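Taking it in order: structure first as structure tokens, then the write-up.
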Amino acid sequence: MRLQGKKILLGITGSIAAYKAAFLLRLLVKEGAEVQVVITPAGKEFITPVTLSALSGKPVISEFFGSNDGTWHSHVDLGLWADAMLIAPVTATSLGKMANGIADNMLVTTYLSAKCPVFIAPAMDLDMFVHPSTQRNISILKEYGNIILDPDVGELASGLEGKGRMQEPEHILEKLVEFFRKKKLLNKKFLVSAGPTYEKIDPVRFIGNYSSGKMGYAIADELAELGAEVILVSGPVSVSTQKERIKVIPVESADEMYQACIEHFPQCDGAVMTAAVADFTPLNPEIQKTKRGKENWNIELKPTKDIAAALGAVKKTDQILIGFALETTDEKANAQKKLQKKNLDFIVLNSLNDAGAGFGLDTNKITIIGKNNKTVPFKLKSKKEVAADIVKMMISILR
Ligand code: CTP
């Protein structure tokens, strides 16, 4: 149900592809959308309003006034009601009317009043589609900010027959789902912790670990690409990011990472803790470089603060918190314990037993474990793809 609660105006015009609008409508409803169909008079020649109202569960609107009781259909209200308008299929004529403000039917009138994003899926013979007149109308509509779902024009050299057909309903649905998914991250802010920490033994030595920071940087990049602001609290790493929406806060020790995370988390909508934080730090780091000697050198270590658990303890109901777990034994049980202990919304489990997963590599194989023990295993993928999977999961639980 990826469109749960979304209100969609589905405009249908007089094209042979109008039958596909019925499939599209069924897909939208299946995904949980509330759909109001608006059809042009020509559209009704191709598909009956009865089919469409049965599929949408709402009377189809095509005239300014209801034919039975003379109720006025407010195009302004419709335009305000919708989260998105999707006009599929659109004929060359309707494109021309929309681009030039010729509001002689309910659909174009509604289009002109719509305040929401508008998706337009043209359907016509290729020669009509490539005609300068159609192309000019399309560029005008693009300039207005409408999203054009170009028809399938195929290889121009392979002949014109069948080309210019409307995109398949499944494709159109995916575009819409993707659009709403991305929209969810606009104006959101996330904290990401990444990389290792270095715990000083003396001025020239430290205790560190093999974390490269690649996973955390990939998640930060993915969040930023989808429109979120990111505070990336990063231990010493050789990877970098150039994205405008990412603010990198470089830290070295577990304690510095703790301070930075505690400071920024309250202003964020969530946090993803990918950092491999040292669990112990030297109790008394030496001020001077330690000289070679004959004796063994014992370094006393004290535990560091658990950053994820500290954020979990102050997490508000509208914030989400994601953790990572790198385990070598009893993987799922250990990950579940961490999920509980740190008050996480889900935990990403990497198993060192899986080839291709772990420190420094460009690939990762994860299992996501949610609150009610819901377990989703993923295939071995590039860290960029893994980041996309994790961010998708975050979006699905964002309140
Ligand atoms: N974490 C953290 N601060 C710490 C230790 C861990 O924020 N001081 C976070 C990690 O970023 C990760 C999660 O907690 O998201 C789990 O880290 P992990 O090292 O697997 O767990 P620990 O709690 O340190 O347990 P252990 O090392 O004993 O398995």
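The values are calculated or read from the model by the stated rules, or taken from the named source; none is laboratory data. Computed from a predicted model, the values in this text were never measured in an experiment. Neighbour counts are summed over all protein chains in view; Cβ atoms, including those assigned to glycine, are modelled from backbone coordinates with ideal geometry.
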Unmet criterion (only one of (1) within 8 Å of the ligand (Cβ to nearest atom); (2) part of a loop (DSSP other than H, G, I, E, B); (3) closer than 25 Å to Lys392 by Cα) for Asp318: (1)
For segment 333-352, name all the residues that are touching a Lys or Arg at 6+ places or on another chain (Cβ under 8 Å) and surrounded by fewer than 18 Cβ atoms within 10 Å (Cβ to Cβ). Asn343
Any chance segment 29-37 includes a residue that's out of contact with any strand residue (DSSP E or B) (no Cβ under 6 Å at 6 or more places or on another chain) and basic (Lys, Arg)? yes
Expected output for segment 306-317 (first residue under 17 Å from Lys371 (Cβ atoms), partner near the ligand (Cβ under 8 Å from one of its atoms), Cβ below 6 Å, 6+ apart or cross-chain) is Ala308/Met273; Ala308/Gly323; Ala308/Lys342; Ala309/Lys342; Gly312/Lys342
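Of everything in segment 389-399 that's closer than 14 Å to Ala218 by Cα and either among the acidic types (Asp, Glu) or within 8 Å of the chain's Cα centre (by Cα) (or both), which residue is modelled with the lowest pLDDT? Spell out the reasoning first.
Residues of segment 389-399 that are closer than 14 Å to Ala218 by Cα, as a first pass: 389-392.
With the extra rule that they be either among the acidic types (Asp, Glu) or within 8 Å of the chain's Cα centre (by Cα) (or both), the set shrinks to 389, 391-392.
On the way: Asp389: 95, Val391: 95, Lys392: 92.
Restricting to residues being closer than 14 Å to Ala218 by Cα and either among the acidic types (Asp, Glu) or within 8 Å of the chain's Cα centre (by Cα) (or both), the top hit is Lys392.
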Of those in segment 321-368 that are more than 26 Å from the chain's Cα centre (by Cα) and in a loop (DSSP other than H, G, I, E, B), the residue farthest from the ligand (Cβ to nearest atom) is Ala355
The one condition Asp69 fails out of (1) within 27 Å of the chain's Cα centre (by Cα); (2) loosely packed, with under 12 Cβ neighbours inside 10 Å is (1)
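Is it the case that segment 84-107 has a residue that's closer than 21 Å to Glu143 by Cβ, in contact with a Cys (Cβ under 9 Å, 6 or more places away or on another chain) and surrounded by 16 or more Cβ atoms within 10 Å (Cβ to Cβ)? Steps first, please.
Going through segment 84-107, the residues closer than 21 Å to Glu143 by Cβ turn out to be 84-88, 90-103, 107.
Subset that is in contact with a Cys (Cβ under 9 Å, 6 or more places away or on another chain): 84-85.
Checking which are surrounded by 16 or more Cβ atoms within 10 Å (Cβ to Cβ) leaves us with 84-85.
For segment 84-107, residues closer than 21 Å to Glu143 by Cβ, in contact with a Cys (Cβ under 9 Å, 6 or more places away or on another chain) and surrounded by 16 or more Cβ atoms within 10 Å (Cβ to Cβ): present.
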Top-ranked residue in segment 288-315 [being out of contact with any strand residue (DSSP E or B) (no Cβ under 7 Å at 6 or more places or on another chain) and either assigned to a helix (DSSP H, G or I) or small (Gly, Ala, Ser) (or both); ranked as farthest from the ligand (Cβ to nearest atom)]: Gly293
Checking the structure you have, find out if any residue of segment 154-170 is outside the structural domain of Val251 (by TED's automatic domain parsing), surrounded by fewer than 16 Cβ atoms within 10 Å (Cβ to Cβ) and under 23 Å from Val76 (Cβ atoms). no
Cys116 passes all but one of (1) surrounded by fewer than 19 Cβ atoms within 10 Å (Cβ to Cβ); (2) out of contact with any Asp or Glu (no Cβ under 7 Å at 6 or more places or on another chain); which number fails? (2)
Suppose we keep only residues that are in a strand (DSSP E or B) and over 16 Å from Lys189 (Cβ atoms) within segment 254-285. Which one would you say is nearest to the ligand (Cβ to nearest atom)? Ala276
Test: residue in segment 53-63 that is closer than 14 Å to Ser15 by Cβ and either buried (at least 21 other Cβ atoms within 10 Å of the Cβ) or touching a Pro at 6+ places or on another chain (Cβ under 6 Å) (or both): no
Out of segment 369-381, which residues are basic (Lys, Arg) and away from the ligand (no atom under 16 Å from the Cβ)? Lys374, Lys379, Lys381
List, please: which pairs have Cβ atoms under 6 Å, are six or more places apart or on different chains, and start with a residue in segment 53-71 that is closer than 12 Å to Val37 by Cα and end with one that is part of a loop (DSSP other than H, G, I, E, B) and not hydroxyl-bearing (Ser, Thr, Tyr)? Ser53/Pro59; Ser53/Val60; Ile61/His73
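Inspect segment 7-25 for any residue being without any contact (Cβ under 8 Å) to a residue 60 or more places away in the chain and crowded, with 17+ Cβ neighbours inside 10 Å and give the result as yes or no.
Applying the first criterion (without any contact (Cβ under 8 Å) to a residue 60 or more places away in the chain) to segment 7-25 yields 19, 22, 25.
So of that shortlist, the ones also crowded, with 17+ Cβ neighbours inside 10 Å come out as 22, 25.
Taking every residue of segment 7-25 in turn, at least one turns out to be without any contact (Cβ under 8 Å) to a residue 60 or more places away in the chain and crowded, with 17+ Cβ neighbours inside 10 Å.
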List every residue pair whose Cβ atoms lie under 8 Å apart, where the two residues are 6 or more positions apart in sequence or sit on different chains, the first residue falls within segment 376-399 and is more than 21 Å from Lys332 (Cα to Cα), and the second residue, located anywhere, is in a loop (DSSP other than H, G, I, E, B) and of a type in the set (Lys, Arg). Ile395/Lys184; Leu398/Lys184; Leu398/Lys188
Scan (1) closer than 21 Å to Gly360 by Cβ; (2) of a type in the set (Asp, Glu); (3) modelled with pLDDT under 95 for the single condition Asp221 breaks and write down its number. (3)
